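Report on the structure given below.
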Amino acid sequence: MDWILIIGVIAVGFAAGFINTIAGGGSALTLPFLIFLGLPANIANGTNRIGILMQNVVATSSFKKHQKINIKHATILAIPSVVGAIIGAQFASVLDENIMEKAIGIALILMLGLIVYKPEKWIQESIVFEKPGFLQIIYMFLVGLYGGFIQIGAGFFMLATLVIGVGYDLVRANAAKVYVMAIYTFFALGVFVLNNQIDYTLGLVLAVGNMIGGWIGAKAALKLGTKFIRYFLIITILVSAIKLFIGF
């Protein structure tokens, strides 16, 4: 692989890792980029999971070091997400892509409305540790289902569930998000491996950038706090929604 291409892949991975760790939507950069490099869509979808997995492992270690994750609580939340992710990855070629993108765009606009008009939910500093209820389990399953299918925007939906449905503040929601996603991405990646839908060379180079971006993103989230994450989230959701509606 040409060294200029290696630098380019790492740079895109870095941007995606940073965005994914603080908010979500980084795969909107990496998936089109991998396709641009010549990978078929299904192989790009599988290859992208290597970087996603590694970035979340690195980010999780940073958050855990600063005691921002309740591992027991997050593991319970991860179980339905894993089930959903395995199913979503297995049926990754079933849904119509154009219809799905428009539906995601609408969901992101609705979420943007919640962030703008109910800011107290997103900047609260209190944290509620409760046993997940039935609806929370269903929500986590659906996020895992979608994340296993395509991953783009899964971080947004995971954050919404953890903040509004579970009661985390944004810093702890990000910490739980990367932990849960690391677990379910491991299983989703296994499905793509079994179906020979991975370009390991590109995936591992991309993962270098993802890991660096994930590490710096976790540091930024811990240092700058919930208000910074909220504003960053608003920007990334808006950009992602516009891209899904009109493309660019």
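Here, each number is a calculation from the coordinates, and none is a lab measurement. What you see is a predicted model; the values in this text were computed from it and never measured. Cβ placement follows ideal geometry from the backbone for every residue including glycine, while neighbour counts extend to all protein chains displayed.
From the cross-link list 72/223; 65/219; 72/219; 68/219; 68/223, which pairs have alpha carbons spaced over 19 Å apart? Flagged as over cut-off: 72/223; 72/219.
A protection proxy built from the mean count of other Cβ atoms within 10 Å ranks the segments 140-152, 67-79, most packed first, as 140-152, 67-79. As a rough guide to protection, the peptides 18-29, 187-198 ranked by mean Cβ packing within 10 Å, highest first, stand as 18-29, 187-198.
Sequentially through the stretch 201-207, phi angles give Karplus couplings (6.51, -1.76, 1.60; θ = phi - 60°) of 5, 4, x, 6, 5, 4, 4 Hz, Gly and Pro residues having no value and appearing as x.
Suppose each label sits 7 Å from its Cα in the direction of the beta carbon; what would the residue 71-residue 186 distance come out to in nanometres? Spacing of the two 7 Å Cα→Cβ label points: 1.2 nm.
Counting 0.36 nm for each residue step from residue 137 to residue 6 and taking away their Cα separation leaves a gain of 43.1 nm.
For 1, 158, 54, the sequence from fewest to most other C-beta atoms within 10 Å is 1, 54, 158.
Taking the average, over residues, of other Cβ atoms within 10 Å as the packing measure, peptides 205-214, 56-65, 6-15 rank 205-214, 56-65, 6-15 from highest down.
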